[in-house]
Amino acid sequence: MSDLKVSGRSGLKGVISVPGDKSISHRAIILGSLASGTTRVHGFLESADCLNTIKAFRMMGVDIKRLAAGEIEITGAGLSGLKEPADIIDVGNSGTAIRLISGVLAGQPFYSVITGDESVRNRPMKRIVEPLKDMGALVHGRAGGDRAPLTILGGELWTIDHKSPVASAQVKSAVLLAGLFADGRTTVTEPAISRNHTELMLKAFGADVKTEVTAVSVAGRPRLEAREISVPGDVSSAACWLAAALIVPNSEITVKNVGINPTRTGILDVLESMGADISVENIRGDAGEPAADITARASGLKGTEISGDMVPRLIDEIPIIAVAAAKASDDTVISGAGELRLKETDRIAAVAAELTKFGVSIEETTDGMIIHGGSGLTGTECSSHGDHRIAMSLSIAALAAQGETVIRDAGWIETSYPQFAQTLNFLCGS
Ligand code: S3P
């Protein structure tokens, strides 16, 4: 995988847009494939992860066409129209793809095997395997069913009332998607609300979905009707540029058309609590997924505390928050984020190891980290740990550091943001 060289800068200025939301793009392919009729997706994220979801549904006989950049047309197979794949489904690096697609496979009267790259094969699967088995699917995997490859023989399912021990949109979505193939209502209750894109999109396709505080239920065997989907820009990608504008002196960056679903905007709340100068304008939206233009200007930041129900609202943004916190005047304490150890890499260990190389004083805790602000950053040689969000966060740290930084294995950025380096060059005026 390629390396990325980034030098310390000042005065990053520009109006940019970021590619489509990764979570929404996966779900558009999944529901478009299960719907009746033709679904058009605008602003689809053509990154490695989401292209793997397209590949998976093509293997199950769904006709999915790329009309132009970010424009996808899906001829839905209907709820019972998927075909047995002739080979192993490989989702690459995508935890979302393996968990959500497994939910769909649990409802299919055929045999399938699903796997991913080394990172995916090391991630816990019991969290979805157990509820899918409770619904009646036959699911096996390595490590007693906790690791991919998973083999799934599905069919008619029973409804369940699943109490998830973790706030995880992937678990919630896997069970709700399986619930489409059961008679009656399937319910998932989580300890705190995770991103709700599956619920919103199911509703938009015509399913009967009910939400009560942290419980979501769906009625099985709906007729899903194809529709147009406009995918807003990914707030997780935008977060990099907002943080860059805040910590690189004399900067001002506007990111247009960013998704601001409240289950995802913990990053904005936290940055504001740190004293960030951020404005959110032109709020608009479709199918419950609001979008806005967001501007951030260089700001003196102070430390903050992040814990509890806030964590699922910014789980993917903790690496970039740690970078911003390194430039704050005092300490930032993050707790209740043990899930970070189970992502594409152990993100607590990776953030601590790599920011230390920049000269940041940072302590790992079992479920979070303490970042001691106030230290200057010095350019260094660092590693992505094979994780797109670590690579992007380190690139932003490099912009705020003195001298040059080399980020090894930065090619992983392709999994969620293929145009990242291009936008970086644009903002740097090169
Ligand atoms: C996602 C859910 C989150 C998040 C991931 C995308 C989704 O994972 O970290 O990047 O699209 O459902 P968990 O469900 O494991 O928290």
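The values are calculated or read from the model by the stated rules, or taken from the named source; none is laboratory data. Keep in mind it's a predicted model, so treat the numbers as computed, not measured. Note: ideal-geometry Cβ built from the backbone for every residue, glycine included; neighbour counts use all protein chains shown. We work out accessible area using only protein heavy atoms, side chains counted, and drop any ligands, DNA or RNA first. Shrake-Rupley method; radii C 1.70, N 1.55, O 1.52, S 1.80 Å.
The combined condition, being buried (at least 24 other Cβ atoms within 10 Å of the Cβ), at pLDDT 95 or above, of a type outside the set (D, E, K, R) and in a strand (DSSP E or B), is fulfilled by Ile371.
Condition check ((1) buried (at least 19 other Cβ atoms within 10 Å of the Cβ); (2) within 15 Å of the ligand (Cβ to nearest atom)) across all residues:
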{"site": "Ala106", "(1), (2)": "yes, no"}
{"site": "Thr115", "(1), (2)": "yes, no"}
{"site": "Met125", "(1), (2)": "yes, yes"}
{"site": "Asp183", "(1), (2)": "no, no"}
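For segment 10-31: of the residues being away from the ligand (no atom under 16 Å from the Cβ) and out of contact with any helix residue (DSSP H, G or I) (no Cβ under 6 Å at 6 or more places or on another chain), which is farthest from Ala291 (Cα to Cα)? Residue satisfying both the conditions and the ranking: Ser10. Might you check whether a residue that is within 30 Å of Ala35 (Cβ to Cβ) and not in a strand (DSSP E or B) occurs anywhere in segment 267-286? No, there is no match, as no residue in segment 267-286 is within 30 Å of Ala35 (Cβ to Cβ) and not in a strand (DSSP E or B).
Each row is one residue, and each column tells you yes or no for (1) at pLDDT 95 or above; (2) open to solvent by 20 Å² or more (accessible area, probe 1.4 Å); (3) within 16 Å of the ligand (Cβ to nearest atom); (4) more than 19 Å from the chain's Cα centre (by Cα).
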| site | (1), (2), (3), (4) |
| --- | --- |
| Val41 | yes, no, yes, no |
| Glu46 | yes, yes, no, no |
| Ile54 | yes, no, yes, no |
| Asp63 | yes, yes, no, yes |
| Ile72 | yes, no, no, yes |
| Ile101 | yes, no, yes, no |
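Entry remark, segment 242-279: residues being more than 23 Å from Lys203 (Cβ to Cβ), touching a helix residue (DSSP H, G or I) at 6+ places or on another chain (Cβ under 7 Å) and among the β-branched types (Val, Ile, Thr) number 7 in total. In segment 131-170, of all residues being part of a loop (DSSP other than H, G, I, E, B) and within 16 Å of the ligand (Cβ to nearest atom), the one that is most open to solvent (accessible area, probe 1.4 Å) corresponds to Pro165. Does Ile321 fit the bill of being within 16 Å of the ligand (Cβ to nearest atom), in contact (Cβ under 8 Å) with a residue 40 or more places away in the chain and open to solvent by less than 30 Å² (accessible area, probe 1.4 Å)? Yes; evaluated as a whole, the condition is true for this residue. Tallying residues that are out of contact with any helix residue (DSSP H, G or I) (no Cβ under 9 Å at 6 or more places or on another chain) and in a helix (DSSP H, G or I) within segment 391-429 yields 4. Across segment 185-199, the number of residues qualifying as open to solvent by less than 40 Å² (accessible area, probe 1.4 Å) and within 16 Å of the ligand (Cβ to nearest atom) comes to 10. Within segment 39-54, residues that are on the phi > 0 side of the Ramachandran plot reach partners that are open to solvent by 30 Å² or more (accessible area, probe 1.4 Å) with beta carbons closer than 6 Å, at six or more positions or on different chains, in the pairs Gly43/Ser230.
The residue of segment 273-283 that is farthest from the ligand (Cβ to nearest atom), among those that are open to solvent by 10 Å² or more (accessible area, probe 1.4 Å) and out of contact with any strand residue (DSSP E or B) (no Cβ under 6 Å at 6 or more places or on another chain), is Gly275. Quick check on Glu354: is it in a loop (DSSP other than H, G, I, E, B), touching a helix residue (DSSP H, G or I) at 6+ places or on another chain (Cβ under 6 Å) and open to solvent by less than 50 Å² (accessible area, probe 1.4 Å)? The answer is no for Glu354. Count of segment 288-318 residues, restricted to those that are more than 16 Å from the ligand (Cβ to nearest atom) and either open to solvent by less than 20 Å² (accessible area, probe 1.4 Å) or modelled with pLDDT under 95 (or both), is 8.
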